[in-house]
Amino acid sequence: MTVIVGLVHRKRVHLAGDSAGVSGYQLTIRRDPKVFTNGPYVFGFTTSFRMGQLLHHAFNAPHPEGDLAKFMATKFIDAVRTCLKAGGFARKDSEQEEAGTFLVGTHGRLFAVHSDYQVGEPADQYAAVGCGDEFALGALHATAHLNLKPRERLTAALRAADHHSAGVAGPYAYAKEPR
C-alpha cells in the first residue's frame, strides 16, 4: 500500500511518495525511499519494496533514444523485465508476465508502468499510483491552476491521500528528474 505522485513542471519530472510499508493491519514506516533517481530517470514505485530495490540498485537503466514513447514501451520495458526476472521478482501466470506498478520520468515526460508492463503517458502531465491514488489525483487536479511550486502540489496530494487512505503514511520523500 502506498501513494506515489508525479507531475511535469517546466519540462522536468518531479515525484514524491509516502513511507508506509503495509501488510494486512501491520504498518511499518520504512527508511528506504519509494522515489529515487537511476541514470537519466526518476522512479517512484508501489506494489513491492523488492521491485523498488531492484529498480533502484540492480537496474542498468538504458539511455533513452529516438521516439521516447516507442523507446519506453520497447527497449526500456525489455530492460525492466530482464532486471525483475533476474532478481526473482517477476511472476508468470497462464503464460502472462506480471510485475508491479511504478511511475518513471525522463526527458521531461512522465510515464506510468502497470503490472502488465503497459506504459501510459498522462495527458494531464500528472499521475498517481497506489492505494491512495484517487485522493492524490483529486488534489493534483484541484491545484493545477493555483501557481504552486511542484513540491507544494505534490505535498498537497500526499496529504490528501494520507488523510483518507489507511495505507498511506509520512514522512514524505521527494525526487526529481536529473538534469
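Read-outs: derived from the displayed coordinates by stated rules, not from any lab. This one's a predicted model, so the numbers in the text were calculated from it and none came from an experiment. Positions of Cβ are backbone-derived with ideal geometry, glycine not excepted, and every protein chain shown enters the neighbour counts.
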- Note on the structure: Of all lysine pairs in the chain that are eight or more residues apart or on different chains, those with Cα atoms under 30 Å apart total 19
- For the chain: relative contact order, % (alpha-carbon pairs under 8 angstrom, 6 or more apart): 34
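For the range 92-179, report the convex hull volume of the alpha-carbon atoms normalised per residue, in Å³, without decimals. List each step's numbers first, then the result.
Working: hull volume 11.1 nm³, N = 88.
Residue-normalised Cα hull volume stands at 127 Å³.
Calculate, in nm to one decimal, what K70 and A142 gain on full extension: separation in residues at 0.36 nm each, minus their alpha carbon distance. Don't skip to the end; give the middle numbers.
Details: separation 72, 0.36 × 72 = 25.92 nm, distance 3.12 nm.
Full extension from K70 to A142 adds 22.8 nm.
Show me the chymotrypsin sites (Phe, Trp or Tyr not before Pro) within the range 14-47 that DSSP assigns to loop and that have at most 10 other Cβ atoms within 10 Å of their Cβ.
Working: sites: Y25, F36, Y41, F43, F45; in loops: Y25.
Loop-located and lightly packed - Y25.
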- Message: Sort 94-101, 72-79, 5-12, 125-132 by the packing proxy (mean of other Cβ within 10 Å over each peptide's residues), most packed first.
- Response: 125-132, 5-12, 72-79, 94-101
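So if each residue of separation counts as 0.36 nm, and I subtract the Cα-Cα distance between E152 and A166, what length gain in nm does that give?
On the way: separation 14, 0.36 × 14 = 5.04 nm, distance 2.22 nm.
Extending this stretch completely gives an extra 2.8 nm.
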- the range 52-91 - Kirkwood radius from inverse mean 1/r over Cα pairs (Å): 10.5
- Message: If I stretch the segment between K11 and Y25 completely, what's the gain in nm (0.36 nm per residue apart, minus their alpha carbon distance), one decimal?
- Response: 1.1 nm
- Query: From Cα coordinates alone, what are the radius of gyration and Dmax values for the range 1-68 in angstrom?
  - Reply: 13.6, 46
- Task: List the residues of the range 60-81 whose backbone N lies under 11 Å from a point placed 7 Å from the Cα of T37 along the Cα-to-Cβ direction.
- Result: none
- Task: Give the long-range amide H neighbours of V168: residues separated by 5 or more places, or on another chain, with amide H under 5 Å away, using H modelled in the peptide plane at 1.01 Å from N.
- Result: none
